Amino acid sequence: MILHIIHLPKIYFHSASKEYQESIRRKESFEKEMKEQGIAYVVHDAILNEPAPFTGCIQSHKAIVREAKHKGFKEVAIAEDDIKFFAPGAWDYFLKCKPESFDLYLGMSYSLNNFKDGLIRGQFDSLTLYIISERFYDEFLALPEDNHADRELSRICDKKEFRICIPYVAEQLNGYSYLAKRERTYEHRIADKPKFGLVVNSQ
């Protein structure tokens, strides 16, 4: 399966900006991750939409889903450019555990605490890595664009078949956030979650 990566290219930014340096850093990082995991991938330029970056974010995800629908793909795997896998073999494990039936299949989530047998109920947080089924394309494409995509999806997940890989296979790379406009770290948000190839920190 090909992984479609959303990336904000450096050409969008002034060379002295944090965004420019972050774009370079993320590109170097995900290229390294793809090589280590043995993933075939395609990079898509993200849509930059200021002053509401989350609008450009959801539009970027929709662009890939729209292309998948146009080409008749049964499903499509999407990742954001700050993806970081936990251990070698994580991508293969993610694909191996892919359920036969799903609308969305996630590789990780931060806020998620309510799930049973991989079926998500309640709020979840992050579209760092996921596979979307063709049966959910139209509903995904109809999501409002004036809010974060994961928040909009959380509103309907109790009625849909959103599933998650257990243990999680990936997280976000620490660093500058285009959305928050500041440096962010993520380990504390996932410290107690099951991670592929790693021991869970229970403290």
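The values are calculated or read from the model by the stated rules, or taken from the named source; none is laboratory data. What you are looking at is a predicted structure, and each value in this text was computed from that prediction instead of being measured. Neighbour counts run over all protein chains shown; Cβ positions are idealised from the backbone, glycine included. To get the accessible areas, we keep the full protein, side chains included, count just its heavy atoms, and leave off ligands, DNA and RNA. Shrake-Rupley method; radii C 1.70, N 1.55, O 1.52, S 1.80 Å.
Measuring against 28 Å, Cα to Cα, the residue pairs LYS71/LYS160; LYS35/LYS71; LYS69/LYS193; LYS96/LYS160; LYS10/LYS74; LYS32/LYS193 contain LYS69/LYS193; LYS10/LYS74 as the ones spanning a longer distance. Taking 16 Å as the cut-off, the amide N atoms of segment 27-60 that come nearer than this to a point 7 Å along the Cα-to-beta-carbon line of GLN21 belong to 27-29.
Shown for the chain: the carbon plus sulfur share of the solvent-accessible area, taken with all protein chains present and a 1.4 angstrom probe, equals 50%.
Based on the reciprocal of the average 1/r between different C-alpha atoms, the Kirkwood radius for segment 76-176 equals 13.8 Å.
In the context of the full set of protein chains, the chain has a per residue accessible area of 50 Å² (1.4 Å probe). Peptide packing: for 100-106, 34-40, the average count of neighbouring Cβ atoms within 10 Å per residue gives the ranking 100-106, 34-40, highest mean first. When the label point is put 7 Å from the Cα of MET1 along its Cα-to-beta-carbon vector, which residues of segment 139-183 have a backbone N closer than 13 Å? Only 163-166, 169 fall inside the zone, counting backbone N under 13 Å. Here the gap between ILE166 and SER111, fully extended at 0.36 nm per residue and compared with their Cα-Cα distance, gives a gain of 18.3 nm. In the chain, a dipole from Cβ-located charges (positive for Lys and Arg, negative for Asp and Glu) runs towards its positive end, and of PRO194, ASN49, TYR137 it is PRO194 whose Cα lies farthest in that direction. The Rg/Rh ratio for segment 99-158, using Cα coordinates for both the radius of gyration and the Kirkwood hydrodynamic radius, is 0.92. For LEU179 and ARG121, the FRET efficiency from 1/(1 + (r/R0)^6), where r spans their Cβ atoms and R0 equals 35 Å, is about 0.85. Helix-only arithmetic for the chain: the sum of -39500 (n - 2.57) across DSSP H runs with n ≥ 4, divided by the residue total, places the mean residue ellipticity at 222 nm at -9500 deg cm²/dmol.
Taking amide hydrogens as placed 1.01 Å from N in the peptide plane, the amide H of ALA170 sits under 5 Å from those of PHE86, each at least 5 positions away in sequence or on another chain.
In this calculation the C-beta distance from LEU141 to ALA52 is compared with R0 = 25 Å, giving a FRET efficiency of 0.85.
The Stokes-Einstein estimate for segment 1-144, based on a Kirkwood radius over Cα pairs and taken at 37 °C with 0.692 mPa s viscosity, is a diffusion coefficient of 203 µm²/s.
Once you keep just the Cα pairs under 8 angstrom separated by 6 or more residues, what percentage relative contact order results for the chain?
Values: 370 pairs, mean separation 46.1, N = 203.
Relative contact order comes out at 23 percent.
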